[in-house]
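See structure below.
The values are calculated or read from the model by the stated rules, or taken from the named source; none is laboratory data. Source: prediction; values computed, not measured. Positions of Cβ are generated from backbone atoms using ideal geometry, with glycine treated the same way; all protein chains shown enter the neighbour counts. Accessible surface areas use protein heavy atoms only, side chains included; no ligands, DNA or RNA. Shrake-Rupley method; radii C 1.70, N 1.55, O 1.52, S 1.80 Å.
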Amino acid sequence: MTACLDIRAERERVTRAFRPGRPLPDFGYSSEEDALWSRVFATLRGMHEDLSCMAYQGAAQRVKLPTGRVPQLSEVSRTLRSLTGFELAPAMGAVPGPLFYGPLAKGILTSTPDVRPVTEQSFSPDPDVIHELVGHGVMLADPEFAELYRRFGRAALHADSDEVRTAISRLFWFTMEVGLVIENGRPRACGAAILSSVAEMESFEDAELRDFRVGDVIASDIDDSICQPVLYVADSVSQMMDAVERFLAAGAEL
């Protein structure tokens with residue numbers, strides 16, 4: 001236990017010492033953390049074959065996350081840079097809205113290198129490296145999704161009221177985090193929070209599924225401490241993207 005705490009403290013020190021523009025540092029992981037990654041990732045990969053959207057499956061083939069160890073943010077960042085121009089930057093824990101959305105506009109995803117506790121391996125309410133890389137990291141290898149992340153970032157930067165910022169955050173949550181689309185007659189996951197959680201992948205088809213309408217989405221509450229009980233399903237990735245882009249392009253006027 002002490003060794004794990006020391007490794008985590010060192011990750012926090014390295015993260016706090018990082019400065020934008022410098023090469024991404026490497027982070028240390030324990031054998032227990034590597035084993036946890038292997039178990040969770042193996043389970044998720046099997047579920048993704050049937051329950052993730054085609055865009056995600058194609059992106060996963062391009063990223064090729066390692067199976068036997070926790071990947072370094074630096075290696076995934078290099079891959080993303082070559083595919084879509086996106087990069088990763090380290091931060092510990094949940095990042096406040098402005099510090100998360102601002103970098104997205106520049107093609108930077110702020111990501112924690114930390115690993116969820118073993119007691120939360122099926123569902124973690126807090127962001128961790130599994131969420132960042134299996135969820136967001138893979139989706140950012142898809143050019144259309146990468147551009148949508150940038151659009152969210154630009155819209156948040158130009159938002160001129162708390163009401164608009166809240167609307168953007170809710171739309172991001174119900175698309176990029178817990179978004180679903182219909183493919184081959186079934187709901188498939190395209191959101192990072194679902195794609196990186198065994199419990200979410202197991203339960204999303206049993207949630208209350210509603211038709212995706214932006215007005216309904218931005219009127220909905222978010223509770224990221226549990227598997228989302230209400231989810232919105234778009235007819236396709238294109239329909240979801242078109243609706244989101246129209247809302248963001250209009251300046252998120254409410």
Practice prompt. Note down all Cβ pairs under 8 Å where the first residue falls in segment 58-86 and is more than 12 Å from Gly137 (Cβ to Cβ), the second is of a type in the set (S, T, N, Q) and surrounded by fewer than 20 Cβ atoms within 10 Å (Cβ to Cβ), and they're at least six residues apart or on different chains.
Written response: Thr67/Ser38; Gly68/Ser38; Arg69/Ser38
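Return yes or no: is Thr79 more than 19 Å from Ser197 (Cα to Cα), assigned to a helix (DSSP H, G or I) and of a type in the set (Ser, Thr, Tyr)? Let's see the steps before the verdict.
Values: more than 19 Å from Ser197 (Cα to Cα): yes; assigned to a helix (DSSP H, G or I): yes; of a type in the set (Ser, Thr, Tyr): yes.
Yes: the conditions hold for Thr79.
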Fill in: Any pair with Cβ under 6 angstrom, 6 or more apart, that starts in segment 18-31 at a residue that is in contact (Cβ under 8 Å) with a residue 40 or more places away in the chain and ends at one that is of a type outside the set (Lys, Arg) and surrounded by 13 or more Cβ atoms within 10 Å (Cβ to Cβ)
Phe18/Pro90; Leu24/Leu73; Leu24/Ser74; Leu24/Ser77; Pro25/Val14; Asp26/Gln72; Phe27/Pro113; Tyr29/Val70
Discussion item. Condition first: of a type in the set (Gly, Ala, Ser) and touching a Cys at 6+ places or on another chain (Cβ under 8 Å). Can you find one or more residues in segment 172-188 that meet it?
Written reply: yes
Worksheet item: Can you tell me which of Leu104, Leu65, Leu99, Leu80 is at pLDDT below 95, out of contact with any Ser or Thr (no Cβ under 6 Å at 6 or more places or on another chain) and within 23 Å of Phe27 (Cα to Cα)?
Response: Leu99
Item to complete: Identify all residues within segment 1-50 that are polar (S, T, N, Q) and closer than 27 Å to Met201 by Cα; write none if there are none.
Response: Ser30, Ser31, Ser38, Thr43
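Residues are listed down the side, and each one gets a yes or a no for (1) surrounded by 19 or more Cβ atoms within 10 Å (Cβ to Cβ); (2) touching a helix residue (DSSP H, G or I) at 6+ places or on another chain (Cβ under 9 Å); (3) among the charged types (D, E, K, R):
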site	(1), (2), (3)
Arg69	no, yes, yes
Ser82	no, no, no
Leu133	yes, yes, no
Val138	yes, yes, no
Worksheet entry | Failed item in (1) farther than 23 Å from Leu133 by Cα; (2) out of contact with any strand residue (DSSP E or B) (no Cβ under 7 Å at 6 or more places or on another chain); (3) not small (Gly, Ala, Ser), with Val198 passing the rest | (1)
Item to complete: Would you please name the residue that is surrounded by the most Cβ atoms within 10 Å (Cβ to Cβ), looking only at residues in segment 1-50 that are under 12 Å from Pro90 (Cα atoms) and β-branched (Val, Ile, Thr)?
Response: Thr15
Worksheet item: Out of all the residues in segment 113-131, which are part of a loop (DSSP other than H, G, I, E, B), open to solvent by 20 Å² or more (accessible area, probe 1.4 Å) and under 15 Å from Val70 (Cβ atoms)?
Response: Val115, Pro117, Gln121, Ser124, Pro127
Item to complete: Could you look through segment 84-109, keep only residues that are out of contact with any Gly (no Cβ under 9 Å at 6 or more places or on another chain) and outside any loop (DSSP other than H, G, I, E, B), and pick out the one that is surrounded by the most Cβ atoms within 10 Å (Cβ to Cβ)?
Response: Pro90
